Every structure is written in structure tokens, then in C-alpha cells.
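To start, the structure itself, in C-alpha cells.
What follows draws every value from the coordinates through simple rules; no lab data is involved. What you see is a predicted model; the values in this text were computed from it and never measured. All Cβ positions, glycine included, derive from the backbone under ideal geometry; neighbour counts span all protein chains shown.
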Amino acid sequence: MSARPVIKGTFNLTPEFLNALAKKGKNERGKYDVDVAMWYDDKRANERAPHLSGPASIPGDDNGVKSYGKCWLNVENGEPVAAPASSTAAAADTGDDLF
């Protein structure tokens, strides 16, 4: 397995966004939900520019405060640098699996 992640990103969360998130409160599992949508940047200015970018919003607050994120794909020749984990190895050892 490669040491590099397939996707690496950054979210720029403003104080207004964090305050709105705190006001919304935690979900039933005690965590904060944030919706994220990312689009490919077909007009990347250089090799260091992010591959993907898009808004982060609070679920149910459609016209509320937004923040933004950007992500980079670790790809070479169109293929991911890190190979996906094989589920066949995990599925082979199901001796005490309840399902």
C-alpha cells in the first residue's frame, strides 16, 4: 500500500460557519454533519492547483453560511497512486462473522 492518500484536501471553515454548525447541534450519534460537494477544476492554472473544489454547507440550512474546500488527487497517468484495498482478503476470513 502506498503511503500517499488517493485524495488529500483542505476545508476553509469560517467562524460564521463554525458558529452556525454549533447552533445546529450534533446528530443522534453525537457528531456534527457537514455536506460537501466537489467538482473537477477543468481550468487548473498549474500542476499545484487543486483538482477538485466546492462548497461545504450545513444540512437543512440551504441558504445558510457556506465554507469552501479544495482537494488534490494523487494520480499518475490517470491511475490512482494507491491501489484500492482488496475486499477478497477480508472476505476470506469470515469464520466468526455474524453476517
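Summary of values
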| read-out | value |
| --- | --- |
| Ranked list, fewest to most other Cβ atoms within 10 Å of each Cβ, for Asp35, Asp42 | Asp42, Asp35 |
| Gain on full stretching of the segment that runs from Lys31 to Asp62 - 0.36 nm per residue minus C-alpha separation | 9.2 nm |
| Fully extended contour minus Cα-Cα distance, from Glu76 to Phe11, at 0.36 nm per residue | 21.0 nm |
| Net charge of Cβ neighbours under 13 Å - reference Gly60; Lys, Arg +1; Asp, Glu -1 | -2 |
| Subset of Lys43/Lys66; Lys23/Lys66; Lys43/Lys70; Lys24/Lys66; Lys24/Lys70 violating a 20 Å alpha-carbon distance limit | Lys43/Lys66; Lys24/Lys70 |
